[in-house]
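Below you'll find the structure, written out as structure tokens, and then a few comments.
The values are calculated or read from the model by the stated rules, or taken from the named source; none is laboratory data. If you're wondering where the values come from, they're calculated on a predicted model, not measured in any experiment. Positions of Cβ are generated from backbone atoms using ideal geometry, with glycine treated the same way; all protein chains shown enter the neighbour counts.
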């Protein structure tokens, strides 16, 4: 099987494959658009990037057997499968064999919709270990509340205090990576006594954007800062919609999100392994 990162600006064959697979209920992934116009826009955006990220698997006749959106940072020993689709389960084995040849020793993260049992089992067979179940929620009826907080878009003036409080351990999106990607992420800071005591990091440029992380220093919690950051993120994000993920047993977060108008749309699992 031929496996390579696609770099062409346009590819209708890939578009047709993704459109067909993502509109099958058992394979649908919310991270990949299923409507034609949105999917073509996303595909063109991915293929126009200098860092190729669309991994395409073809059989000996050249027919597409699988397509995966992959974030590959070999110098950082990191891989992430953002979404993916295959014709047959055997394709997963071919892809992981490729990863083991090209990315030995890298950490791999995946996300799988709970209804896609084929993908869940295939990843698990390759060594993926799943975290606890998560709920994906979509903003459907925004209901803000008054919050007293000094919340601003990221300003380099507060870089030092932002870096100090940033939760870097065990995550890909460290403070440095986020600051290097401000063209793709919207960062908000909550200020107290002239320093950043909390932050929110949100994707931007999509029809549905997502908070990557919302954090408030422990000694500054209980003041509504988390709610304030999320409300400001929602309002700055309009007219685009917003989605988020939360662990099923995180009752305080679930209650907050529901009070703001987020509703459950599906359940999923995050998983990881060392290749």
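Given the criterion outside the structural domain of residue 244 (by TED's automatic domain parsing) and more than 21 Å from the chain's Cα centre (by Cα), identify the matching residue among 117, 126.
126
Does any residue of region 30-42 turn out to be surrounded by 14 or more Cβ atoms within 10 Å (Cβ to Cβ) and over 21 Å from residue 210 (Cα atoms)?
no
So, in region 1-15, of the ones that are more than 21 Å from residue 98 (Cα to Cα) and touching a strand residue (DSSP E or B) at 6+ places or on another chain (Cβ under 9 Å), which residue ends up surrounded by the most Cβ atoms within 10 Å (Cβ to Cβ)?
11
Go through (1) over 23 Å from residue 152 (Cβ atoms); (2) touching a residue at least 24 places away in the same chain (Cβ under 8 Å) one by one and return the number of the condition residue 226 breaks.
For residue 226, the failing item is (1).
May I ask you to verify whether residue 263 is part of a strand (DSSP E or B), out of contact with any helix residue (DSSP H, G or I) (no Cβ under 6 Å at 6 or more places or on another chain) and at pLDDT 95 or above?
Yes: the conditions hold for residue 263.
For region 196-233, what are the residues that are in a strand (DSSP E or B) and either farther than 11 Å from residue 151 by Cα or outside the structural domain of residue 159 (by TED's automatic domain parsing) (or both)?
201, 202, 203, 208, 209, 211, 212, 213, 214, 215, 216
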